[in-house]
Each structure stands twice: as C-alpha cells, then as structure tokens.
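The values are calculated or read from the model by the stated rules, or taken from the named source; none is laboratory data. These numbers were taken from a predicted model, which means no experiment stands behind them. Cβ placement follows ideal geometry from the backbone for every residue including glycine, while neighbour counts extend to all protein chains displayed.
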Amino acid sequence: MNYGDWAVLVDTKGRKYLLRLKEGGRFSHHRGVVEHAAIVAAGPGGRVRTHKGEPLWVFAPSLEEYVLLMPRGATVTYPKDAAALLLLLDLAPGMRVLEAGTGSGGLTLFLSRAVGPQGEVWSYERRPAFRKQAEANVRAFGGENVRFFEGDLAEAELPEAAFDAVALDLMEPWKVIERVVPALKPGRSLALYLPNITQVVELLKAVGTARLPLKKERVLEVQHRTWDVRPPVAHPSFRQIGHTAFLVQLRRLKPESEQGRQGEEEGGDQKEHGVSEDPGQRAAQ
Ligand SMILES: C[S@@+](CC[C@H](N)C(=O)[O-])C[C@H]1O[C@@H](n2cnc3c(N)ncnc32)[C@H](O)[C@@H]1O
C-alpha cells in the first residue's frame, strides 16, 4: 500500500470509510485521528489505532466497497445487481459493451473490469455533471478501457452489430431501445436495471409493439438475505437490503429477412420474434 492508493478503514461497529492516501494526510474518525503514514505502514489486512486508541482495520477497497463509498451524483446500480448483470450479459475479457446512463459510473466499473484491458465500454450520459463525476470515479479506480460520451443515447450514432452486450440503467429505456438493438450483435444480450415493475411492463410493451427482434430471456430479482451469526445468536439480520430493482434480459435475434425457412416449414414459431406474450404484442395484433 502506497501514497496515492485507495484505502478502506473499518471500525469496530463495521462502518467503512474510503480515503485516498497522501503524504502528510490525516484521517479523522469521531473517536480520534490517524496519520496516513500509519495506514501505509499497516497495509491491507493490518490494523491502526487512532490517537484515542480506537482500532481501525485497513483494506484496499473491493470493487463493491469502492462503488458504494465513492462520490456520487446519480444513485448507483446496486453491486449485487451489477454482478448479476455481468452474468446475464455473459461478459468475458476482450468484449465491447454499450452502457447508458453512466450515472456515477458504478455499473461502468463492473463492466470495465469484466471486459478487461483488451475490451471496451462505451458509456453514454446526458447530464454533463454526472458524466464528469463518473469519469473521475472510473479513472480514479483504474478504468482505462471506458469511452465516455456526453449526450442522449436515443440520438447516438452507433456502429451496427458492434457490441457484445448492452446494459441500460435509465428511467425510460423504451425511448432508446430501437436505437440500440441494431448495435447489438445477433445472439447477444441486452440487460436492463429497472426499479419498478411498471417500467418492466412498459418496456416489454414497447418491444412487442415495435416488433423488435428481441427474445425475452428472463425477468428476475436478486435477493441477498444476510444472517447475524454470533453463537448462540444466529438469525437473519434484522436490517436487510430491501428491493433494489428488477433485471430484464433480452436477447437479440437476427432480422426476419435473414431467418432461414426451416422454422416456417416446421410451423414457423412466431413467438421467437418479439416479446410475443406481453400485453403490447397482443395490442398490436
Ligand atoms: C440511475 S442513473 C445510472 C446509475 C449508474 N448505473 C451507476 O451505477 O452509477 C441513470 C442515469 O441515466 C441518465 N440517462 C437517462 N436517460 C438517458 C438517455 N436517454 N441517454 C443517456 N443518459 C440517460 C440519467 O441522467 C442518469 O444519470
């Protein structure tokens, strides 16, 4: 651990503090002060004490800790959901991902790490102040493979079938979805983070109405139920993270014009095209 590195200090109550180490720096806890030099000397896994004797454990921040503690404008994609989105998007090193909105850069950091230095994240944010904050957050944690774009994704000029995945965390994804679908490689996934089930319904309705070449894979919630285990005490924690968001995975299909005739000869399963079981599709029929 060196000056310039990030550190997380954890106190006896489990509270965490994120700081960047600098020469001559001091960290103020409500139970005393500790010199950054002592933190550098203790290193990850070590322990320091404030001048009042309060112990603090020292760690290099995990990605989850950094995202939850970094400065933010917009609310970040909750880390448990960001991790699940990587699974839904089937990301691997070297892939190229499209993302909007950048917000504070929380999900961007997960995407950036998953695709690695050979991969690329293109991230769109329409609010300049958020883009600036996100870029600072991402660069400060080593995310060099991210290209930041300031503007509305609905108006972006995107290369065709150029992305291995698309991740959307924005209020009205139905306003951008027609623009992003052609940019996604056929067979690959678009995943969305939507806090309200009404948004999920609205989205699927829009997909069906526009007959977009997308197959609904799944709609899910990720729930972590933590336990307080200090025998003989052992029970689910009284304080839990409640609802965060619904995750939706849609997979891009080839356009109808490029589909072979085999399916038709076998009865032509039209349900494979568009989200046929949703209310929008029924309305369009
Ligand atoms: C909830 S925040 C995203 C948080 C982000 N995933 C994170 O982890 O920090 C939603 C963001 O989407 C942006 N946004 C909404 N619609 C947009 C659009 N059409 N194009 C680009 N950005 C958009 C908003 O300005 C906002 O910053």
Condition broken by VAL67, with the remaining ones in (1) more than 18 Å from TYR17 (Cα to Cα); (2) crowded, with 18+ Cβ neighbours inside 10 Å; (3) touching a residue at least 40 places away in the same chain (Cβ under 8 Å) satisfied = (1)
For VAL181, work out the one condition from (1) within 14 Å of the ligand (Cβ to nearest atom); (2) buried (at least 18 other Cβ atoms within 10 Å of the Cβ) it doesn't fulfil.
-> (1)
Assuming ASP228 fulfils every condition listed in (1) under 21 Å from the mean Cα position of the chain (by Cα); (2) assigned to a strand (DSSP E or B) apart from one, which condition is it?
-> (1)
Out of (1) assigned to a helix (DSSP H, G or I); (2) near the ligand (Cβ under 10 Å from one of its atoms); (3) surrounded by 22 or more Cβ atoms within 10 Å (Cβ to Cβ), the odd one out for SER123 is which?
-> (1)
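Take the conditions under 15 Å from PHE163 (Cβ atoms), aliphatic (A, V, I, L, M) and within 10 Å of the ligand (Cβ to nearest atom) and apply them to LEU111. Does it pass?
yes
Of the residues that make up region 153-165, is at least one within 21 Å of VAL67 (Cα to Cα) and within 12 Å of the ligand (Cβ to nearest atom)? Steps first, please.
Of the residues in region 153-165, the ones within 21 Å of VAL67 (Cα to Cα) are none.
No, the conditions are met nowhere in region 153-165.
Do we find that GLU150 is surrounded by fewer than 23 Cβ atoms within 10 Å (Cβ to Cβ), within 12 Å of the ligand (Cβ to nearest atom) and of a type outside the set (S, T, N, Q) in this structure? Walk me through how you get there before you give the answer.
On the way: surrounded by fewer than 23 Cβ atoms within 10 Å (Cβ to Cβ): yes; within 12 Å of the ligand (Cβ to nearest atom): yes; of a type outside the set (S, T, N, Q): yes.
Criteria met by GLU150.
Which one of GLY53, GLY116 is exposed (fewer than 15 other Cβ atoms within 10 Å of the Cβ) and modelled with pLDDT under 95? Write out each step before concluding.
Details: GLY116 fails: modelled with pLDDT under 95.
Selected residue: GLY53, the only one of GLY53, GLY116 that is exposed (fewer than 15 other Cβ atoms within 10 Å of the Cβ) and modelled with pLDDT under 95.
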Here the residues within region 92-109 that are crowded, with 24+ Cβ neighbours inside 10 Å and of a type in the set (A, V, I, L, M, F, W, C) are VAL97, LEU98, ALA100, LEU107, LEU109
Is it fair to say GLU23 is modelled with pLDDT of 95 or more, within 12 Å of the chain's Cα centre (by Cα) and among the acidic types (Asp, Glu)?
-> no
Looking only at region 52-87, which residues are among the β-branched types (Val, Ile, Thr) and either in a helix (DSSP H, G or I) or farther than 17 Å from GLU99 by Cα (or both)?
-> VAL58, VAL67
VAL76 versus (1) in contact with a Gly (Cβ under 6 Å, 6 or more places away or on another chain); (2) touching a residue at least 60 places away in the same chain (Cβ under 8 Å); (3) within 13 Å of the ligand (Cβ to nearest atom): which is the lone unmet condition?
-> (2)
Taking first residues from region 145-160 that are more than 21 Å from PRO255 (Cβ to Cβ) and aromatic (Phe, Trp, Tyr) and second residues anywhere that are at pLDDT 95 or above and in a strand (DSSP E or B), the pairs with Cβ under 8 Å that are 6 or more apart or on different chains are PHE148/SER123; PHE148/GLU125; PHE149/TRP122; PHE149/SER123; PHE149/TYR124; PHE149/GLU125
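Is at least one residue of region 14-33 part of a loop (DSSP other than H, G, I, E, B) and β-branched (Val, Ile, Thr)? First the steps, then the outcome.
Step one: list which residues in region 14-33 are part of a loop (DSSP other than H, G, I, E, B), which gives 14-15, 21-25, 30-31.
Next, only the ones that are β-branched (Val, Ile, Thr) stay: none.
The answer is no; no qualifying residue exists.
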With the first residue restricted to region 84-104 and required to be at positive phi, and the second required to be in a loop (DSSP other than H, G, I, E, B) and away from the ligand (no atom under 14 Å from the Cβ), Cβ contacts under 7 Å at 6 or more apart or on different chains are GLY94/GLY116; GLY94/GLN118; GLY94/GLY119
